[in-house]
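One structure below.
The values are calculated or read from the model by the stated rules, or taken from the named source; none is laboratory data. All values reported here derive from a predicted model rather than from experimental measurement. A quick note on method: Cβ atoms are made from the backbone with ideal geometry, for glycine too, and the neighbour counts reach across all protein chains shown. Quick note on the areas: whole protein, heavy atoms, side chains included, nothing else; ligands and nucleic acids left out. Shrake-Rupley method; radii C 1.70, N 1.55, O 1.52, S 1.80 Å.
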Amino acid sequence: MAAQVGIPEQAWDFLSDMVDNCVGRAVKGTKKEVVILVHKDGMYGGDNLIDEEAISWVSTAFTSRGHRCSILWVDDPQLKHEWRYPPVVKKAIEGADIIINTPWQMPVEEIADFRGHIEQAHLDDPARQTEQAKKDFPQRPDKQPKGLDYDAGTWMVRLFPVTADLMMTDWARTPYELTIMLRHISSEPFMNLDKPTKFTMTDPNGTNLTGYTVNPVKREDENGVGVPGMPYDSWRENSSHYLPVPEWVHPPINCTHVNGVLYFKEMLPWWSKYIDISPYWDEPIKVTVEESKMVGIEGGVEAKKLVAFLKEMEEKVGDKIWLFDTFHFGIHPNAHVNYYQCPNDIYRRTIEHMDCSNVHWHLGSAGGRPGYNFYPHITGDIRNCTLKIEPEGAEPVYVYKDGWLCCQDDPRLQEVMKKYPGRPGIPVNPNTLTELKK
């Protein structure tokens with residue numbers, strides 16, 4: 001469909017792709033009730049970056065497809081360890097078919113009440129009771145904190161390009177179909193689920209880790225509360241009602257017998273804000289790992305603040321906050337923007353977190369629990385990883401080489417890009433470039 005009057009063609013590439021190929025892939029039909037959730041502080045320099053032009057464009061995109069669109073502005077500052085799932089938001093979600101979630105401080109990944117309302121509703125929706133869904137999550141409702149409602153039946157789009165400038169970037173304009181296919185293909189090296197598979201991960205910054213990848217369905221604590229394992233090769237619409245756009249990360253890879261050292265100097269900024277450090281810093285943090293547990297954390301002021309925060313978290317979620325048994329990685333080939341496209345450090349680092357070059361480890365594997373219904377998701381990110389998988393009785397497989405996610409060379413991705421001439425696709429592998437000699 002042609003771009004709407006007043007919306008630049010480049011922005012329409014993203015908007016129409018979101019409505020038709022992200023939401024449209026999961027939600028069939030028109031005349032759906034759409035609610036766009038916006039946090040007011042983002043208009044005035046707050047953390048929840050937003051602009052009215054972008055919100056207007058999103059509304060236009062949905063109404064152009066025959067949906068009914070409303071906008072809910074909230075003003076609900078989030079406090080450390082007291083993050084809220086506001087009742088008005090919960091009621092709006094229950095009344096909507098589709099929610100467009102723009103506030104940076106209201107992530108479904110961390111706030112368990114919000115997560116349960118979106119992810120678990122999937123299993124109670126008769127229209128979504130596919131054989132694949134039953135295979136993916138045979139027992140998930142029994143493994144969640146008690147007292148949550150599972151009746152929303154609402155699809156949530158987590159919208160990352162929240163300004164007009166960001167909607168015009170190559171990051172936003174990369175076809176959604178390409179990113180979900182890349183996410184799916186990138187799972188293939190991890191699908192040897194019969195037995196643990198050895199891996200080695202290194203980085204020029206000094207990172208050197210070994211261990212074994214294992215089956216994803218193991219994420220629970222002694223109370224049956226925790227982060228459920230998402231099958232590595234799952235498609236979003238078969239796993240939950242959560243649709244990030246652009247698509248951003250591979251499902252978490254569960255590991256055992258992890259040993260070695262991780263050096264990093266950036267992390268996902270939601271938790272860095274509450275640790276009281278920048279999402280980027282100069283002196284690397286060194287984490288020493290023995291048998292999938294952090295036994296040493298060294299570095300400058302950022303390391304000291306991280307240790308203090310993890311000790312604080314231990315009082316809330318238990319000693320599993322010291323586990324080191326999960327990593328995953330970005331699956332977007334063009335997730336980088338410059339300062340002029342996004343002066344906000346928090347959002348720029350969030351975007352970089354989803355780039356194919358970004359591999360991150362979870363610093364802690366504790367789930368929510370009664371009295372603290374939040375999922376810790378503190379990360380250590382590296383950008384030039386080499387990751388080798390060594391299946392028993394088979395040739396080693398390189399998942400990464402020098403920061404390059406190797407499945408980006410898969411010809412299936414080139415077939416997808418033939419449908420989208422003129423749109424951003426897989427970039428040139430920088431490791432294949434040669435220096436010009438005089």
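So, in the range 243-263, exactly how many residues are assigned to a loop (DSSP other than H, G, I, E, B) and more than 23 Å from Asp47 (Cα to Cα)? Break it down stepwise before answering.
In the first step, residues of the range 243-263 are kept if they are assigned to a loop (DSSP other than H, G, I, E, B); the result is 246-248, 250-252.
Adding the requirement that they be more than 23 Å from Asp47 (Cα to Cα) leaves 250-252.
So the answer is 3.
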One residue from Lys311, Lys320 being under 27 Å from Arg369 (Cβ atoms), in contact with a Ser or Thr (Cβ under 8 Å, 6 or more places away or on another chain), assigned to a helix (DSSP H, G or I) and open to solvent by 60 Å² or more (accessible area, probe 1.4 Å): Lys320
Determine whether the range 23-45 contains at least one residue that is touching a helix residue (DSSP H, G or I) at 6+ places or on another chain (Cβ under 8 Å), free of Cβ contacts under 8 Å to residues at least 12 places away in the same chain and within 26 Å of Pro343 (Cα to Cα). yes
All-but-one check, Lys304 against (1) closer than 30 Å to Met417 by Cβ; (2) open to solvent by 30 Å² or more (accessible area, probe 1.4 Å), failing number (1)
When you scan the range 345-360, do you find a residue that is of a type in the set (Gly, Ala, Ser), farther than 19 Å from Asp47 by Cβ, buried (at least 22 other Cβ atoms within 10 Å of the Cβ) and free of Cβ contacts under 8 Å to residues at least 60 places away in the same chain, even just one? yes
Mind checking whether some residue in the range 424-432 is in a loop (DSSP other than H, G, I, E, B), more than 27 Å from Glu298 (Cα to Cα), open to solvent by 90 Å² or more (accessible area, probe 1.4 Å) and aliphatic (A, V, I, L, M)? yes
Looking only at the range 60-90, filter to residues that are over 24 Å from the mean Cα position of the chain (by Cα) and hydroxyl-bearing (Ser, Thr, Tyr); which one of those is surrounded by the most Cβ atoms within 10 Å (Cβ to Cβ)? Ser64
Which one of these does Gly330 not meet: (1) within 23 Å of the chain's Cα centre (by Cα); (2) free of Cβ contacts under 8 Å to residues at least 40 places away in the same chain? (2)
Would you be able to say whether some residue in the range 1-24 is open to solvent by less than 60 Å² (accessible area, probe 1.4 Å), at positive phi and modelled with pLDDT under 95? no
Filter the range 372-388 down to residues that are more than 16 Å from Glu314 (Cα to Cα) and in contact with a Phe, Trp or Tyr (Cβ under 6 Å, 6 or more places away or on another chain), then give me how many there are. 7
Elements of type strands (runs of 3 or more DSSP E) in the range 334-422, at least 2 residues being more than 19 Å from the chain's Cα centre (by Cα): 386-390, 397-401
Looking at the range 264-298, which of its residues are open to solvent by less than 30 Å² (accessible area, probe 1.4 Å) and assigned to a loop (DSSP other than H, G, I, E, B)? Met267, Leu268, Ile277, Pro279, Ser292
Out of all the residues in the range 211-224, is one or more at pLDDT below 90, within 23 Å of the chain's Cα centre (by Cα) and open to solvent by less than 10 Å² (accessible area, probe 1.4 Å)? yes
Identify the residue in the range 1-55 that is among the small types (Gly, Ala, Ser) and in a loop (DSSP other than H, G, I, E, B) and, among all such residues, is nearest to Trp171 (Cα to Cα). Ala3
